[in-house]
Structures are given as C-alpha cells and as structure tokens.
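The values are calculated or read from the model by the stated rules, or taken from the named source; none is laboratory data. Please read all numbers here as calculations on a predicted model, not as lab measurements. Here the Cβ is made from the backbone with ideal geometry for all residues, glycine too, and neighbour counts use every protein chain on show.
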Amino acid sequence: MAAGGIVVDPSVVAQLVGRRRVVDPLDALSDREREVLAVMAEGRSNHGIGERLHLAEKTVEAYARSAFTKLGLHAAPDDNRRVLAVLAYLRA
C-alpha cells in the first residue's frame, strides 16, 4: 500500500481484464425451470414432477420445453433432451 492505495501487478490486471466470461446457459433458467430440472434429475416423469411441485402436467411440459430451448437443446432424432438437460443441470 502506498498513500492509501493498493498496488496490483499490471500483468495480473491484464489477465483479469482480458479474461472472457464464460456464459453458463443455466443462468438463463428461471427458478421454476431449475426446480423442474431438479425433480427431473430424480428420474420423475412429467406427472411425477407436477405432483411434487403442485403443477399441472401441461405446465411442467411448458417449463421443460422452455428450459430445453434456453439450454440450446433442440429436438433431434438421436438426442434425448431430458437426459441432456439433466446432465447440464448436474454439471452446475
């Protein structure tokens, strides 16, 4: 410290300023979408998720579909979006 200030090595500042922020798609999820994914990760069906969270099954489907979209998981014949969404959720 000199005269009440803090001295930081310029190379450290350059690394911090130059570092790219990694965007985590999970950050885009609402609290309710996260709750749906958490119960989905337990292996529950949409019906089971709805019972646990006191939601209609159609509402669970809407939250799941929204989460899939936000996670960039588009319908594809070779992919199971539920499994991919749960894996993304568990990595967080």
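For the reader, a short list of remarks on this structure follows.
- Every pair of residues 6+ apart whose Cβ atoms lie under 9 Å, when the first sits in the range 67-82 and is closer than 21 Å to Ile49 by Cα and touching a residue at least 40 places away in the same chain (Cβ under 8 Å) while the second is among the small types (Gly, Ala, Ser) and in a loop (DSSP other than H, G, I, E, B): Lys70/Ser30
- Against the test of being surrounded by fewer than 10 Cβ atoms within 10 Å (Cβ to Cβ) and modelled with pLDDT under 95, the options Asp78, Asp31 yield a single qualifying residue, Asp78.
- Residue match in the range 42-56 (condition: closer than 15 Å to Pro25 by Cα and buried (at least 16 other Cβ atoms within 10 Å of the Cβ)): no
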